[in-house]
Each structure stands twice: as C-alpha cells, then as structure tokens.
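Chemist: One structure is given below, represented as structure tokens, and several questions about it will come after.
We did not get these values from a lab; they are worked out from the coordinates using the rules stated. Note that the structure is predicted; figures quoted are calculated from it, not measured. Cβ coordinates were reconstructed from backbone atoms using ideal geometry, including for glycine residues, and neighbour counts include every protein chain displayed.
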Amino acid sequence: MTVAKRIDGKAKAAELAESITRETAALLDEHGIKPGLAVVIVGEDPASQVYVRNKKRTAETCGFHSVQHTLAADTAQADVLRLIDELNNNDAIHGILVQLPLPGHLDEQAVTQAVTPSKDVDGFHFINIGKLTAGRTADAFVPCTPAGCMLMIADEIGGDLSGKNAVVIGRSNIVGKPMASLLLQANATVTVTHSRTRDLAQVVAGADIVVAAVGRPDMVKADWVKPGAIVIDVGINRVEKTVDGETKMGLTGDVDYDDVCTVAGAVTPVPGGVGPMTISMLMANTLRSARLAAGLEA
Ligand code: GUN
C-alpha cells in the first residue's frame, strides 16, 4: 500500500534546466556573456566518469561554455594545482568543479581550497562554507546536493520550516553539514545523526523531514518514519538487483523506498530524485557566478 507522493526530481530538474537555458540565452543576447564551467576529473573512477559526463551534457544543453579536463590517476599534486590556477585566471570560466573523490596521493583539502571562492560552484571553499554557516546564503555558493534537497522540501511544504523537526542522517562536508545549515536557516529544528548516534530509528521517528545521506542501501525503513513525513534520499548505492530472475547491477538509495512509501507523505526515488537536482543546481550556481562576474545581480 503506497500512501506517499513520489517527488519527481528528474522533472523538477528539467524545469530548472529549461529556465537556466532561457536565462543563459538572455545573458548572451543582452551582455555577450556565456557562462563557462570547467570540470576536472583525476583518474578513472567509473561512478565519477558517469557524473562528470552528465554534468558536461547538461552544461552544453543549457548553452554554457563547457570544458572537461581529464587527468591521469597518477597526476602530481603540483600539476592539479597548476591547472586550477589557470582556470582561476581564465575569464571564460565562471565555475570550477573538481570531481571527488580524488586518488589517494592527492590532498583533497588543498585542491578544493585552491579554487577561488568566486568560482567555487561546489561550495567547498572555506569562505563559502563560512558564509553558509553564518546564514549569508545570499552571497555564498551553496553545495549543489543540499541546495537541491532544500528546493524539493520547499516545493512540498514551503520555504519556512518553523516548528518542523528535521533529522539529517550523515555528517559529511558535502551533504550532511551544509544540509543542516540550510534547514536551520529555514527555521527547522535540526538534529544531525551519524554512525555514533544511539537509537537512530527513534530519533528519525520524531522527524517531519528526513534527509538520508549515509551510503547504506535501504537503511531507512517504514517503522522509523513518522506518518506524513517528507523523506529525501541522497544515497546512491550500487547493488545487485534481481528483476524477473535476472541479476543485474542497479542503483538504490539509503531509504527502503517501497516500504517507506507506505507511511511517509512524500519520498524522493533513487534514481530520479536528488541526483538530477544536484546537476541543475550546479548549472544555477555557474549562471549565478557568470552574472556576478559581469557585475549583474545574482
Ligand atoms: N563527488 C560526489 N559528490 C560530489 C559533488 O557534489 N561535487 C564534487 N566535486 N564531487 C562529488
């Protein structure tokens, strides 16, 4: 028995991309500026290659100047930093994204902090993290995945989360922590849970909004979820799936979708939920960066 609404992230992301495409055309027409996005990938992680390909394709669809730098897995740190420096100084580039994870010999922090804050469309630079944490989201680049989650939540219950309990499962720098900041800024009462949290199911049971970002397939079950809650599934887990007796690799989230749909008010599917929204938010951040670089309003 399904009671929950399926939140269609794919459709919402496509709508967003269409409006970005229109604004990009107008920016070129009126000001001669084309947003430029550079994506850097080091090594051959298959999942990262898929993400990067999708980002590049969407950037092209939106009418951006889109470049990809594919570096060998054994590229030296100094060479990665040199490339970032070039991109920082290239006026045709408004957004720089270094796909994570990086190969083990590279210092992820040194690389993400080398991207100039004004082109940091991932929102990973400490300047942008600081602005977000201080509630200065109007002039920060907000990480794309949490930003996309917030749009989906706002679509369901509005932008003011006063009186709502939100539980974030996972405390990563990419999702959990920025997600908590955004929910707090929207007036939610926020609990961040993680691997050391006791009685997780009980904590989640008090939530009007659940955001799961832990990387554990189908972890969140119906009996954890408050009736009517909004459940946002950030997990992308590769698992074996058996369909019609045939076993294949497939994607599944951190939420047991069919189970949770019997209780929740609205749930995002995987695939087709948060993933496409993340990519559209990256385009939104790049367009915004291009506008700011031209002295226009964000
Ligand atoms: N790897 C997984 N998620 C992300 C993301 O949002 N940005 C980057 N750069 N790498 C990632």
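Chemist: Tell me the volume per residue, in Å³, of the convex hull enclosing the alpha carbons of the range 145-298. If you can, show how the numbers build up before the last one.
Modeler: Details: hull volume 19.0 nm³, N = 154.
Here the figure is 123 Å³ per residue.
Chemist: Quick one: which residues, 5 or more positions from residue 214 or on another chain, have an amide H under 5 Å from its amide H? H modelled 1.01 Å from N in the peptide plane, none for Pro or chain starts.
Modeler: So residue 214 has HN proximity to 235.
Chemist: Can you tell me which of 246, 18, 86 moves the most in a GNM of the chain? Springs connect C-alpha atoms under 10 Å apart.
Modeler: Between 246, 18, 86, it is 246 that shows the largest mean-square fluctuation.
Chemist: So how many Å³ per residue does the convex hull of the Cα atoms of the range 245-289 work out to?
Modeler: Values: hull volume 4.6 nm³, N = 45.
With only Cα atoms used, the range 245-289 gives 103 Å³ per residue.
Chemist: Under the Karplus relation 6.51 cos²θ - 1.76 cosθ + 1.60, θ = phi - 60°, what is the ordered set of whole-Hz ³J(HN,Hα) values for the range 116-128, x standing for Gly and Pro?
Modeler: 5, x, 6, 10, 7, 6, 7, x, 9, 5, 4, 4, 6
Chemist: Enumerate the whole-percent occupancy of each 10 Å bin, from 0 to the last occupied one, for all C-alpha pair distances of the range 216-272.
Modeler: Cα pair-distance distribution for the range 216-272, in percent: 26, 48, 23, 3.
Chemist: OK, next. Above 19 Å lies some portion of the pair distances; for the range 1-160, what is it as a whole percent of all C-alpha pairs?
Modeler: Details: 7906 of 12720 pairs.
Here the tail beyond 19 Å accounts for 62 percent of pairs.
Chemist: If you count the DSSP beta bridges with both ends in the chain, what percent of them are antiparallel, to the nearest 5? Before the final figure, lay out each step's value.
Modeler: Details: 7 of 36 bridges.
Roughly 20 percent of the beta bridges in the chain run antiparallel, per DSSP.
Chemist: Report D for the range 1-92 in µm² per second (integer): Stokes-Einstein, Kirkwood Rh on Cα pairs, 37 °C, 0.692 mPa s. Provide the component values of the computation, followed by the final result.
Modeler: Numbers: Rh = 15.6 Å.
It diffuses with D of about 210 µm²/s by this estimate.
Chemist: Give me 141, 124 ranked fewest to most by other Cβ atoms within 10 Å of their Cβ, as a rough exposure proxy.
Modeler: Working: 141 28, 124 23.
Result, fewest neighbours first: 124, 141.
Chemist: Using the count of nearby Cβ atoms within 10 Å as a rough guide to exposure, how do 125, 31 rank from fewest to most? Could the numbers behind the result be given before it?
Modeler: Working: 125 20, 31 13.
So the ranking, lowest neighbour count to highest, is 31, 125.
Chemist: Convex hull over the alpha-carbon atoms of the range 111-163: what's its volume per residue in Å³?
Modeler: 81
Chemist: If I take all pairs of Cα atoms in the chain, what percentage of them are more than 27 Å from each other?
Modeler: Numbers: 18707 of 44253 pairs.
Beyond 27 Å sits 42 percent of the P(r) for the chain.
Chemist: My understanding is that a pair violates if its Cα-Cα distance is over 22 Å; which of 131/177; 34/56; 56/241 do that in this structure? Could the numbers behind the result be given before it?
Modeler: Values: 131/177 13 Å; 34/56 15 Å; 56/241 29 Å.
Over 22 Å apart, Cα to Cα: 56/241.
Chemist: Order these by the 10 Å Cβ neighbour count, fewest first: 164, 55.
Modeler: Working: 164 20, 55 23.
So the residues, fewest neighbours to most, are 164, 55.
Chemist: Quick one: 3J(HN,Hα) in Hz for the range 37-43, Karplus 6.51/-1.76/1.60 with θ = phi - 60°, rounded, Gly and Pro as x.
Modeler: So the J values, rounded to whole Hz, are 10, 10, 10, 10, 10, 10, x.
Chemist: Let me ask something additional. Taking N as the number of residues in the range 75-173, what is its alpha-carbon radius of gyration divided by 2.2 N^0.38 Å? Walk me through the intermediate numbers first.
Modeler: Values: Rg = 16.0 Å, N = 99, 2.2 N^0.38 = 12.6 Å.
So the Cα radius of gyration is 1.27 times the expected 2.2 N^0.38 Å.
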